[in-house]
1. In the set Thr175, Thr183, Thr164, which member is of a type in the set (Val, Ile, Thr) and farther than 30 Å from Trp89 by Cβ?
2. Identify all residues within the stretch 1-25 that are modelled with pLDDT under 90 and of a type in the set (S, T, N, Q); write none if there are none.
3. So which of Phe77, Phe135 is over 17 Å from Phe43 (Cα atoms) and buried (at least 18 other Cβ atoms within 10 Å of the Cβ)?
4. Checking Ser165 against (1) assigned to a helix (DSSP H, G or I); (2) surrounded by fewer than 22 Cβ atoms within 10 Å (Cβ to Cβ), which single condition isn't satisfied?
5. Condition test on Ser158, is it in contact with a Pro (Cβ under 7 Å, 6 or more places away or on another chain), among the hydroxyl-bearing types (Ser, Thr, Tyr), touching a residue at least 12 places away in the same chain (Cβ under 8 Å) and closer than 23 Å to Met65 by Cα?
6. What are the residues in the stretch 39-89 that are among the hydroxyl-bearing types (Ser, Thr, Tyr) and assigned to a helix (DSSP H, G or I), if any?
7. Yes or no: the stretch 42-60 includes at least one residue that is within 28 Å of Ala161 (Cα to Cα), of a type outside the set (S, T, N, Q) and at pLDDT below 90.
Amino acid sequence: MKNLSAKILILSALVIAVVSYFIFPSYKNFIDMTLSAFASGDFGVMREFIADYGAYAAAVSFLLMIFQSVAAPLPAFIITLANANLFGWVKGAVLSWSSAMAGAALCFWISRVLGRNAAEKLTSRAGLQSVDKFFERYGTHSILIARLLPFISFDLVSYAAGLTSMRFLPFFIATGVGQLPATIVYSYVGGMLTGGAQMLMTGLLFLFALSAVVVMMRQIYREKHKN
């Protein structure tokens with residue numbers, strides 16, 4: 001009964017969101033501008049878009065992060081860079097980290113409640129299948145490793161995790177720990193970035209993530225060898 005109520009609630013929210021797009025011009029304009037900001041791939045454009053909301057800028061940024069999580073795979077990093085540039089790297093990191101956690105939790109529960117068909121429609125079948133194989137390969141360490149790798153979709157991992165027997169709390173903790181290094185790095189550098197420096201920062205983050213994964217894989221090897 002509880003699962004049915006949750007399913008009705010989530011489906012109702014999704015239907016309302018879609019219908020509202022065609023009924024309310026202001027809502028449609030907001031969604032169109034949001035998609036345009038994401039499509040630009042420029043954190044400066046995203047920064048200006050968020051800043052335009054003045055006192056509500058932080059709340060808008062929070063909602064944008066959740067929106068990009070559900071509408072995977074929109075790029076989240078430009079929101080993180082924009083937050084750091086707009087609010088300062090510490091406040092920006094806290095905002096980006098907490099909103100990404102909320103988005104990850106929502107994706108997890110959407111797929112947990114609605115099932116694979118709904119998750120595939122919100123993402124892609126091929127994307128979910130690739131993450132499924134990643135989970136099979138790395139087992140209990142999958143979430144933490146995936147969060148450390150910048151080239152694995154954050155949101156696809158959240159959706160795929162909801163389709164497994166994994167409990168929510170371990171997923172949530174691994175997500176919080178795994179995404180923290182990248183959030184800090186993006187935020188710290190983001191306050192000093194201009195558009196042309198994004199490639200350099202992405203490369204540095206990749207090297208950082210690769211180093212973290214090497215350490216993690218060594219730990220997994222030692223545990224298996226010990227067992």
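1. Thr164
2. Selection gives Asn3, Ser5, Ser12.
3. Going through Phe77, Phe135 in turn, just one is over 17 Å from Phe43 (Cα atoms) and buried (at least 18 other Cβ atoms within 10 Å of the Cβ): Phe135.
4. If we test Ser165 against (1) assigned to a helix (DSSP H, G or I); (2) surrounded by fewer than 22 Cβ atoms within 10 Å (Cβ to Cβ), just (1) comes out false.
5. no
6. Correct list: Ser40, Tyr56, Ser61, Ser69, Thr80.
7. No - not one qualifying residue is present in the stretch 42-60.
Listed here are the residues, each with its yes/no results for (1) over 18 Å from Val177 (Cβ atoms); (2) of a type outside the set (Phe, Trp, Tyr); (3) surrounded by fewer than 16 Cβ atoms within 10 Å (Cβ to Cβ).
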| site | (1), (2), (3) |
| --- | --- |
| Ala84 | yes, yes, no |
| Gly88 | yes, yes, yes |
| Ala93 | no, yes, no |
| Gly103 | no, yes, no |
| Ser111 | yes, yes, no |
| Leu128 | yes, yes, no |
| Ser142 | no, yes, no |
| Leu149 | no, yes, no |
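The values are calculated or read from the model by the stated rules, or taken from the named source; none is laboratory data. The shown structure was predicted, so the numbers you read here are calculated from the model rather than taken from an experiment. Cβ atoms come from the backbone with ideal geometry, glycine included; neighbour counts cover every protein chain shown.
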